[in-house]
Amino acid sequence: MNLKSLAKDTALYGLVSIVGRFLNYLLVPVYTRVIVAESGGYGIVTNFYAYTALLLALLTFGMETTLFRFANKDGEDSKMVLSTILRLVGSVGVLFLALVFIFLGPISQKMGYAEHPEYVGCMALITALDAFQAILFCHLRQQKRPLKFAALKFAFIIPSILFTLFIFLVIPKMGASHPELLKLYVKYNYGVGLIFFTNLFCTAMVTFGFLKELKGITYGFDGALAKRLLAYSWPLLILSLMGVFNQVADKIIYPLVDSGPEGMVQLGIYGACVKVAMIMALLTQAFRYAYEPIIFNGSRDQNSPETLADGMKYFVVFALLAFLAVMVYLPILKTIFIGADYRSGIAVVPIVMMAEVFMGIYFNLSFWYKLSDQTLWGAVISAVGALVMVSVNVFGIPRWGYMACAWGGFAGYGVSMLMSYCLEQRKYPIKYDMKTILGFFGLTLALYFVYELLGRTSLAGDGDSVLTAWPLMAVGTVLLGIYCAAAWKLVIKKPAR
């Protein structure tokens, strides 16, 4: 495997993902300090974007991976593939919008937004636009055009951040001179609703950056090709829905199980603390953006079992490094990113991060059924994982609150990972370097155990301060150095197969 090429592409796409998400993370301190936890406002934000993520998976229905698979497939016209997929996704988006706006009242009532149906309408428009843009972003990745990819991502991120800062930091101070702005601020849940309108505006503006790529829709529509695309993608739809459902179902289920204002308050606390753990999701996303084009480029040596095995090893080693780094510096991360009202939920971070490690491993394991066109297995595996996760949430939330959400994700991803590995070894055997992989898992757990043993207050809520945690983080840095030395000697310096 060309580790240098993979590292370069991961760095390019990772820079976009990490910098973009980091800039958005900078809003978390604003949200958790301006939006009072007891108001449940941040719970609304968490719940809203959980629905958006699930709907985005529905409206793209596996066509991102399908584009990679068919655009690089022998005998297929890549331009016709792009055009057909754009028309399919666009048509589904228009139908979705029509249904939402026809039944806007009942849908808003069921979702708990009867007083603000405009939130639901806004969500529908955002999701439909995001789904269409997802195919265009995928096209840029397939063509290996990371610069335009990055430019358009930042064209959304930077304006949305500036607008959000204006909403929460400027408008409240302008109340005396501009009472109409203050009235608008109060009307939409003290600025929370304005976040959604900002998102819609910025998403719509990004569409204009795709004017050149949008010409791809004029290449035509091939009905026979569409049938082949849908036959390949419908199991991926279930797979994607189940995968996203595993990520967001806790945020959808929580206010349904724990209804009332307090449920939304607890959801806000959980949603804020989970943001710290999303660093692992960034790493997985960056790896995916770089890795998929390499695997699906049609070259036999690129999607060989040896290549997949090496990719898994590199991912696990660096993912566990990210886990340790966040755990070591969690005392300062939580103080910087999470307001004092929300820190009571910080204990979910290590559980959610390890769940994200399982999810990343499961993603790497998923190539066996994608490359062998057995995507139905992916749907089955994800459905079982989702069932486990939902069960833990439904039965656990009344007893353990948001801790059940964290353990639900851990259990769901863990089951999916193990199922995929067992099936892969039977149907598409890949000889992973299990000695190295399990060795680094063992090393990570040992170092984490030592770290926690030396400082049991590192996951405390408000009782500890960053200052008293400095000696602990210094020791943690030494432990990180031990891990890095082992990774350098056993994986990085050692040549890949």
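We did not get these values from a lab; they are worked out from the coordinates using the rules stated. Here the structure is a predicted model, which is why all the values come from computation and not from measurement. Glycine gets a Cβ as well: all are built from the backbone with ideal geometry, and neighbour counts include every protein chain shown.
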In nanometres, the difference between 0.36 nm per residue of separation and the alpha-carbon distance of residue 187 and residue 33 is 53.5 nm
Label residue 104 and residue 211 with points 7 Å out from Cα along Cα→Cβ: what is the distance between them in nm? 3.0
Magnitude of the Cβ-charge dipole of segment 3-492, K/R +1 and D/E -1, about the Cα centre, nearest 20 debye? 860
Which three numbers, in whole Å and largest first, are the semi-axes of the equivalent ellipsoid of segment 120-162 derived from its Cα gyration tensor as √(5λ)? 21, 15, 4
In nanometres, the difference between 0.36 nm per residue of separation and the alpha-carbon distance of residue 144 and residue 371 is 79.7 nm
Of 309, 346, 331, whose Cα points farthest to the positive end of the dipole of the chain (charges on the beta-carbon: +1 Lys, Arg; -1 Asp, Glu; origin at the Cα centre)? 309
Over the Cα atoms of the chain, how large are the radius of gyration and the largest Cα-Cα distance (Dmax), in Å? 22.7, 70
Counting other C-beta atoms within 10 Å, and keeping those with at most 16, which DSSP coil trypsin sites (Lys or Arg not before Pro) do you find in segment 392-440? 431
What percent of all Cα-Cα pairs in segment 379-430 falls into each 5 Å bin, going from 0 up to the bin containing the maximum distance? 4, 24, 24, 17, 13, 8, 5, 3, 1
By the mean-Cβ-within-10 Å protection proxy, highest first, 80-92, 270-282 rank as 270-282, 80-92
Taking the dipole of the chain about the Cα centre (Lys, Arg +1; Asp, Glu -1; charges at Cβ), the one of 28, 279, 184 that reaches farthest to the positive side is 279
Fewest-first ranking of 185, 342, using other Cβ atoms within 10 Å as the exposure measure: 185, 342
Subset of 212/275; 110/251; 227/370 violating a 25 Å alpha-carbon distance limit: 212/275
In debye to the nearest 20, how big a dipole does segment 54-127 give about its Cα centre with +1 on each Lys and Arg Cβ and -1 on each Asp and Glu Cβ? 100
Positive-pole candidate from 170, 232, 123, dipole of segment 3-492, charges at beta carbon: 232
Measuring from its Cα centre, segment 82-174 shows a charge dipole (+1 at each Lys and Arg Cβ, -1 at each Asp and Glu Cβ) which, in debye to the nearest 20, is 520
Report the full-extension gain for the segment residue 391 to residue 493: residue separation times 0.36 nm, less the Cα-Cα distance, to one decimal in nm. 32.3 nm
Using the Karplus curve 6.51 cos²θ - 1.76 cosθ + 1.60 with θ = phi - 60°, what ³J(HN,Hα) values do you get for each residue of segment 213-218, in whole Hz, with x for Gly and Pro? 5, 5, 5, x, 6, 8
Could you sort the peptides 200-213, 48-61 by per-residue average Cβ neighbour count (10 Å cutoff), highest mean leading? 48-61, 200-213
Computed [θ] at 222 nm, helices only, for the chain once each DSSP H run of length n ≥ 4 contributes -39500 (n - 2.57): -26000 deg cm²/dmol
Once you put a point 7 Å from the Cα of residue 165 and another 7 Å from the Cα of residue 482, both along the Cβ direction, what distance in nm separates them? 4.2
Taking segment 133-173, which trypsin sites (Lys or Arg not before Pro) meet the DSSP loop condition and have no more than 15 other C-beta atoms within 10 Å? 144
Counting only DSSP loop positions in segment 75-110, the chymotrypsin sites (Phe, Trp or Tyr not before Pro) whose Cβ has at most 14 other Cβ atoms within 10 Å are 103
